[in-house]
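The values are calculated or read from the model by the stated rules, or taken from the named source; none is laboratory data. Predicted model, so just to flag it, every value in this text is computed and none were measured. For neighbour counting, all protein chains shown are included, and Cβ atoms are generated from backbone atoms with ideal geometry for every residue, glycine included.
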Amino acid sequence: MVDSKNNFATTPDPQAFVQIQSLSKDFDEFKAVDQVNLDIRKGELFAILGGSGCGKSTLLRMLAGLETPTSGRIIVDGDDITDWPAYDRPINMMFQSYALFPHMTVEKNIAYGLRKQGIERSEIDRRVQRMLELVQLGGFAKRKPNRLSGGEKQRVALARALIKNPKLLLLDEPLAALDKKLREQTQFELMNLQDELGITFIVVTHDQEEAMTLATRIAVMKEGQFVQTGTPAQIYEYPKNRFVANFIGTINIFDATVVELDDSGLTAKLDHSEILMKAHTDSAASTGDKVGIAVRPEKISISKQLPMGENITTAKGVVLDLAYYGNYSIYRVKTESGLMVQVSAQNRQRSSEHVVEWDDEVYLSWEQGSSIVLLE
Amino acid sequence: MATKQQTFGDLLWRRIVIWVPYTWLLLFFLVPFAIVFKISFSDPIVAQPPFTALFDHTQNLLNRFQGTLNNYLFLLDDNLYWVSYLRSIKIASISTVLCLLLGYPMAYYIAQSPPTRRNILLMLIILPFWTSFLLRVYAWMGILSTNGIINSALLWIGIIDEPLQMLYTNFAVYIGIVYTYLPFMILPLYANLERLDLDLHDAAADLGAKPLQVFWDIILPISLPGIVAGSLLVFIPAMGEFVIPSLLGGLDSLMIGRTLYDEFFVNRDWPLASAVATILLLILVLPIMLFQRMQVSGRSSD
């Protein structure tokens, strides 16, 4: 239990480019950010994921120097920048509202950071020109921001934040203001750009899909603290607790009690039923513990015949709901013991008729390794 | 058919709504000005009304027009008028700048305050209007006079040995004008600064601008329409101000409003007074037209 909260703190990464050390921010009595530790390597695209009010924006603003931490240190590329003013930091930020200067043209907006650095006119022109090409805004140089579309504004904001070649680029909900189609396109552009420039990105978002597809690593944040940090696959397949499991994707969580422990894991009895589930676990559970056993919908197979095999859990039930999406279908099955289970299955065979229909009696099964044991 | 009547009714209402203010301006601004403008070409006489008719209908067609440019020529001739105009422009300009320097930080502070405090502060700005303007100017006479509050206090503390002459000086006129017109500067500035997106401030700082540069590069240009509106609202009435220089000013604070008053009511030279008023209007229309043009060009470049 103890290590689950502090294991990022105890193992500092020697290659860390950005180090956040026990960073806190209090607003009066409210702890917006509470003792956060984080190491980010150079060139990473790191996502901080959390709901509104979880402190992710405050954390980002502290990195930018727009908010003063109550305690803790921020180290970037070996420099302790905690007390540096925003205008001196080698960090730039892309704001959620884009915050383009309305009285300046696209060109002037992008050039602003360089002009404040006192760089030579011709050099500025050259770099602005290159940046305009990079974000494909060549023809928009002389336009004012209010004559741009949402996607164009987003690219101007990005160009403006990138032009100073920051050591760290902060992106506050970079895709939130774009419509779905533009989002997917921009997402890939952002990834390519990051790859090309090699700048370290920190993205703050409330959208788990955005975080999963963009980031090399994700930190899930709740009430000012990091709940779990890891690669998208780690977070998805091995959520640490119920909050993370529920926040990322869809999941079935069954309340259970541990009845037996062995070398390969544990056996738990689902509450209010006789079903025994086997699951792998590294965490220190003991017999009699109340745990949650979680299974992702796509890890469960659904069939009309009783499946056979080693180390699988099976349950019999009736299909209550069926949603057909073309490439896959989602079933809601009520088991004999009264549990509701969501299952998603690829529609591998071409057929105009469903293999499994409403009110069919079905068998659900999943491998022992698919079950996740959630202690909290 | 019903919809057609509806649209006709709508159109009628629209016309009425538009034409009410226009009719008002026509009746109470343009017509009186036309009369003043006409009188400015007449000669003064001791009669009722005290000026000659512009058209003498007893004459033949060619000689009917009896107008004269004498009044305007006289304005050029006599230093008194030029000095009054220039002094008015000077006093109004300096007062406008003082109002801007005082009002901008106040408006900025109010705009950045949390909503509850903001409303209280705005209330305080508007509150003086609930008392008669004349009463407030008289109050200043009490404060500034030789045995007024300021002099008594300074004498009592011992900073000065004899009372300072503050009342009946230009200093008192500036105090009076700035005090009276400050709200007219603060309110349009506040309306402008209140809409300012604070992210712009952060974005400029993030891109390397120091606080003063943020103000100069971002906040000031964005609030320019508010500055211009507030400045016009102070400059225009201050230019023609009559009461404040009369009550608080001395002999060397003769502004064009007072000159105008004297021509009308003391000398009873209506044609000359009308010429003074016409020139005053021209001086005031110029900055308004510039402002209009700036707004139009600002909008089209948006």
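In segment A:109-128, how many residues are away from chain B (no Cβ under 11 Å), over 12 Å from residue A:161 (Cα atoms) and assigned to a helix (DSSP H, G or I)? So the answer is 7.
One residue stands out in segment B:224-271 among those that are touching a residue at least 60 places away in the same chain (Cβ under 8 Å) and not in a helix (DSSP H, G or I): the one that is farthest from the other protein chains (Cβ to nearest Cβ), namely B:268. Being in contact (Cβ under 8 Å) with a residue 24 or more places away in the chain and within 20 Å of residue A:60 (Cα to Cα) narrows it down to one residue among A:182, A:175, A:193; which is it? Answer to the check: A:175. Of all residues in segment A:115-133, those satisfying the criterion of being of a type outside the set (D, E, K, R) and touching a helix residue (DSSP H, G or I) at 6+ places or on another chain (Cβ under 7 Å) are A:124, A:128, A:131, A:132. Identification of strands (runs of 3 or more DSSP E) wholly contained in segment A:205-267 with 1 or more residues that are farther than 18 Å from residue A:56 by Cα and in contact (Cβ under 8 Å) with a residue 24 or more places away in the chain yields A:252-262. Among the residues of segment A:64-71, is there at least one that is more than 10 Å from chain B (Cβ to nearest Cβ), among the aliphatic types (A, V, I, L, M) and not in a strand (DSSP E or B)? No, because not a single residue in segment A:64-71 is more than 10 Å from chain B (Cβ to nearest Cβ), among the aliphatic types (A, V, I, L, M) and not in a strand (DSSP E or B). For residue A:287, the conditions (1) touching a residue at least 60 places away in the same chain (Cβ under 8 Å); (2) touching a Leu at 6+ places or on another chain (Cβ under 7 Å); (3) surrounded by fewer than 17 Cβ atoms within 10 Å (Cβ to Cβ); (4) not basic (Lys, Arg) all hold with the exception of (1). Scanning segment A:135-169 for residues that are away from chain B (no Cβ under 13 Å), crowded, with 17+ Cβ neighbours inside 10 Å and in a loop (DSSP other than H, G, I, E, B) returns A:135, A:137, A:167. The conditions of being under 30 Å from residue B:263 (Cα atoms), at pLDDT below 90, basic (Lys, Arg) and out of contact with any Cys (no Cβ under 8 Å at 6 or more places or on another chain) are met by residue B:64.
For segment B:205-221, enumerate the residues that are surrounded by fewer than 19 Cβ atoms within 10 Å (Cβ to Cβ), more than 7 Å from chain A (Cβ to nearest Cβ) and not β-branched (Val, Ile, Thr). Result: B:211, B:212, B:215, B:216, B:220.
What strands (runs of 3 or more DSSP E) completely inside segment A:289-366 contain at least 1 residues that are of a type in the set (Lys, Arg)?
A:290-295, A:312-324, A:328-335
Residues in segment B:37-64 that are under 21 Å from residue B:268 (Cβ atoms) and out of contact with any Phe, Trp or Tyr (no Cβ under 9 Å at 6 or more places or on another chain): B:37, B:38, B:46, B:47, B:48, B:52, B:53. Does at least one position in segment B:141-150 carry a residue that is in a loop (DSSP other than H, G, I, E, B), among the β-branched types (Val, Ile, Thr) and surrounded by fewer than 18 Cβ atoms within 10 Å (Cβ to Cβ)? Yes: one or more hits. Looking only at residues in segment A:85-108 that are assigned to a loop (DSSP other than H, G, I, E, B) and at the interface with chain B (Cβ under 7 Å from one of its Cβ atoms), the one that is farthest from the chain's Cα centre (by Cα) is A:103. Taking segment B:130-139 as the range and being surrounded by 11 or more Cβ atoms within 10 Å (Cβ to Cβ) and within 20 Å of the chain's Cα centre (by Cα) as the test, the residues that pass are B:133, B:136, B:137.
Does residue A:37 satisfy the criteria of being more than 14 Å from chain B (Cβ to nearest Cβ), touching a strand residue (DSSP E or B) at 6+ places or on another chain (Cβ under 7 Å) and either in contact (Cβ under 8 Å) with a residue 24 or more places away in the chain or in a helix (DSSP H, G or I) (or both)?
Here the answer is yes, as residue A:37 does meet what is asked.
Of the residues making up segment A:184-204, those that are assigned to a loop (DSSP other than H, G, I, E, B) and either among the β-branched types (Val, Ile, Thr) or buried (at least 19 other Cβ atoms within 10 Å of the Cβ) (or both) number 1. Please go through segment B:153-177 and pick out each residue that is part of a loop (DSSP other than H, G, I, E, B) and among the hydroxyl-bearing types (Ser, Thr, Tyr). If the condition is that a residue be part of a loop (DSSP other than H, G, I, E, B) and among the hydroxyl-bearing types (Ser, Thr, Tyr), then B:168, B:169 are the ones that fit. When A:253, A:248, A:275 are checked against the criterion of being among the β-branched types (Val, Ile, Thr), under 23 Å from residue A:344 (Cβ atoms) and touching a Ser or Thr at 6+ places or on another chain (Cβ under 9 Å), a single residue qualifies: A:275.
Here's the yes/no breakdown for (1) modelled with pLDDT of 90 or more; (2) aliphatic (A, V, I, L, M):
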{"position": "B:243", "(1), (2)": "yes, yes"}
{"position": "B:250", "(1), (2)": "no, no"}
{"position": "B:280", "(1), (2)": "yes, yes"}
{"position": "B:284", "(1), (2)": "no, yes"}
{"position": "B:291", "(1), (2)": "no, no"}
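Determine whether residue B:202 is within 13 Å of chain A (Cβ to nearest Cβ) and touching a strand residue (DSSP E or B) at 6+ places or on another chain (Cβ under 6 Å). Taking the combined requirement at face value, the residue does not satisfy it. Could you please give the count of residues in segment A:151-196 that are more than 30 Å from residue A:17 (Cβ to Cβ) and out of contact with any helix residue (DSSP H, G or I) (no Cβ under 7 Å at 6 or more places or on another chain)? Number satisfying all stated conditions: 3.
I need the full set of residues from segment B:178-208 which are assigned to a helix (DSSP H, G or I) and either of a type in the set (S, T, N, Q) or over 23 Å from residue B:225 (Cβ atoms) (or both), in order please.
B:179, B:180, B:192, B:205, B:206 - these are the residues of segment B:178-208 that are assigned to a helix (DSSP H, G or I) and either of a type in the set (S, T, N, Q) or over 23 Å from residue B:225 (Cβ atoms) (or both).
Screening B:83, B:97 for residues that are part of a helix (DSSP H, G or I), of a type in the set (Val, Ile, Thr) and without any contact (Cβ under 8 Å) to a residue 12 or more places away in the chain leaves exactly one candidate, B:97.
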